Amino acid sequence: MIKKILIANRGEIACRVIKTARRMGIATVAVYSDADANALHVHKADESIHIGAAPSKESYLVADRIIEAAKKLNVDAIHPGYGFLSENAAFAEKCKQNNIIFIGPPTSAIEAMGSKSAAKHIMEKAGVPLVPGYHGDDQSESLLKKSADDMGYPVLLKAAAGGGGKGMRLVNAEQEFKEALAAAKREASASFGDDTMLVEKYLTQPRHVEIQVFCDQHGNGVYLFERDCSVQRRHQKVIEEAPAPGLAPDIRQQMGEAALKAAQAIDYVGAGTVEFLYDKDGSFYFMEMNTRLQVEHPVTEFITGEDLVEWQINVAQGQPLPKKQNELSMHGHAFEARIYAEDPENDFLPSTGRLSLLQPPQEDRHVRVDTGVLEGDEVSVYYDPMIAKLVVWDEDRDKALQRLLKALREYYIDGVATNIEFLYNVAASKPFREQDLVTTFIEKNKQILF
Ligand code: ADP
């Protein structure tokens, strides 16, 4: 049984994991860099240990330092959160070698999904629908271009090793291909040290709908429905919701089953998310699988009433899933808005400084605020400038949306610029209210959002 967990992360997700661990009677260890000596997650944990300098490359990303800390404090398990080392197969393997439970999937599953092209090969074999495209080994320019020409423009070039929208280029017409390929390859090399490219048919008005899956070590798997994350800026999620508005029950079931097929194809264990592009006509296509807990997991917790971190911990210690598919149901509607220290008037550049005022809305059974900062804290240049996740729930989408608008109005922050007003504009806009969700939502509606 797991008695002590080290959380190899910081900020809101470290606090989130501590909350559940504490409720389960499990002791917690926080790790921190020089910049985080006084951070909320350090105060909340039972024990804490310093792991290095402020830049993440010198602390939160140093696998050996974290393993060393875990051994020193005798922890049974490590929860990686999201980001940092959460999808690093070598780190998961190191945990195993040191007899520490990695609260996440097996190393092989992380590796299998680490490359978009390898992942697509696996999914193709498993019969999961893919976006039409080319994901082969032959990377000659002539072949890549021929596959684009055959598919018909627009196409999307994607880095096989990609993430965070990097190494991606939209190509609208044949004559743009050569230049776009060179640019995508340059960016991929610089970001990932690998310029292998995929060519995909570019869907013009898709939605991003992802399925939460969970598998245990005994061959059981379930899906906990879906999240719609179509509202994105530069391929980064801005507002997420569950369930996906207007998704027909039979499509939901088909997507859920396809996602489980994807997970089973790689002998998945733990929490995972299978991302699909969903087209208006009801077709959906596998995009990628994230082998960790997602930032937006709270919307799923709200509609299912389950604690996904508790599930993760129990699965990691060998327990079977607590529920079968037919015992899971969803109720009501939830939204998550990501509150960022960034300046929408200055191209959303991160805004650093001291949080001289930080007053979130009152939490209750409708409103949840997951945060990792306190009033007086410094938003530094070193980490992702997310201040909090504001999550709301109500019986239906309209009521939940009213909750979201009210909570955004009651969120007071001073000292840094924030995106709160922008989030409000999105949530209050007519197309959002009318569920006109597409991944190009912000671009398409910029006239009314700014
Ligand atoms: P990354 O791993 O870099 O985040 P993804 O493959 O997850 O890249 O894609 C990120 C986003 O890009 C998606 O959520 C979607 O908005 C858009 N996108 C990806 N592939 C396509 C496609 N074939 N057609 C249209 N939009 C796409």
Fill in the blank from the handout: Per its Cα gyration tensor (rounded if a/c is under 1.5, else prolate when a/b beats b/c, else oblate), the stretch 343-450 is best filed as oblate
Handout entry: Pair Glu345, Asp364: separation of 7 Å Cα→Cβ label points (nm)
Key = 3.4 nm
Exercise for the section: Could you pull out every residue, at least 5 positions away or on a different chain, whose amide H is within less than 5 Å of the one on Gly162? Hs are placed 1.01 Å off N in the peptide plane, and Pro or chain starts have none. Expected result: Lys116
Problem - Too-long pairs where the Cα-Cα distance tops 25 Å, listed order kept, from Lys237/Lys406; Lys44/Lys72; Lys96/Lys120; Lys3/Lys72; Lys120/Lys430 - result: Lys96/Lys120; Lys120/Lys430
Problem - Dipole of the chain, positive end: most advanced residue of Ala90, Gly127, Gly219 [Cβ charges, Cα centre] - result: Gly219
Exercise for the section: Kindly put Ser191, Ser356, Ser86 in sequence by how many other C-beta atoms sit within 10 Å of each C-beta, fewest to most. Expected result: Ser356, Ser191, Ser86
Handout entry: Square roots of 5 times each gyration tensor eigenvalue, C-alpha, the chain, largest first, Å
Key = 32, 27, 24
Practice task
With θ set to phi - 60°, apply the Karplus curve 6.51 cos²θ - 1.76 cosθ + 1.60 along the stretch 209-220 and write out the HN-Hα couplings as whole Hz, x wherever there is a Gly or Pro.
Solution key: 10, 10, 10, 7, 10, 9, 10, 10, 7, 10, x, 8
Fill in the blank from the handout: Classified through the alpha carbon gyration tensor (a ≥ b ≥ c as square roots of its eigenvalues; rounded if a/c is under 1.5, else prolate when a/b is larger than b/c, else oblate), the stretch 54-107 comes out oblate
Practice task
Figure the gain on full extension for Ile448 and Leu170 (residue separation times 0.36 nm, minus the Cα-Cα span) and round it to one decimal in nm.
Solution key: 97.6 nm
Handout entry: In order through the stretch 252-261: 3J(HN,Hα) via Karplus (6.51 cos²θ - 1.76 cosθ + 1.60), integer Hz, x for Gly, Pro
Key = 4, 5, 4, 5, x, 5, 5, 5, 5, 4
Handout entry: Förster-model FRET efficiency, 56 Å R0, Met151 and Arg23, C-beta, rounded to 0.05
Key = 0.65
Handout entry: Additional length obtainable on full extension of the chain from Thr204 to Ser142, 0.36 nm per residue less Cα span
Key = 19.8 nm
Problem - Vicinal HN-Hα couplings computed from phi for the stretch 174-181 (Karplus, 6.51 cos²θ - 1.76 cosθ + 1.60; Hz; Gly/Pro x) - result: 3, 5, 8, 4, 4, 5, 5, 4
Problem - Computed helical MRE - 222 nm, the chain, DSSP H runs ≥ 4 contributing -39500 (n - 2.57), nearest 500 - result: -9500 deg cm²/dmol
Completion exercise
Residue separation between Asn326 and Ala90 times 0.36 nm, minus their alpha-carbon distance, gives in nm 81.3 nm
Exercise for the section: Among Ser33, Ser56, rank each residue by its count of other Cβ atoms within 10 Å, from fewest to most, as a rough exposure measure. Expected result: Ser56, Ser33
Exercise for the section: List the residues whose amide H sits under 5 Å from the amide H of Ala388, counting only those 5 or more places along or on another chain, with H placed 1.01 Å from N in the peptide plane. Expected result: Ile339
Completion exercise
Thr107 neighbourhood, Cβ < 15 Å, K/R = +1, D/E = -1, net charge -1
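Rule-based calculations on the coordinates, nothing more; no lab input. Since the structure is predicted, the reported quantities are computational estimates derived from the model, not experimental observations. When we count neighbours, we look across all protein chains shown, and the Cβ atoms used for this are built from the backbone with ideal geometry, even at glycine.
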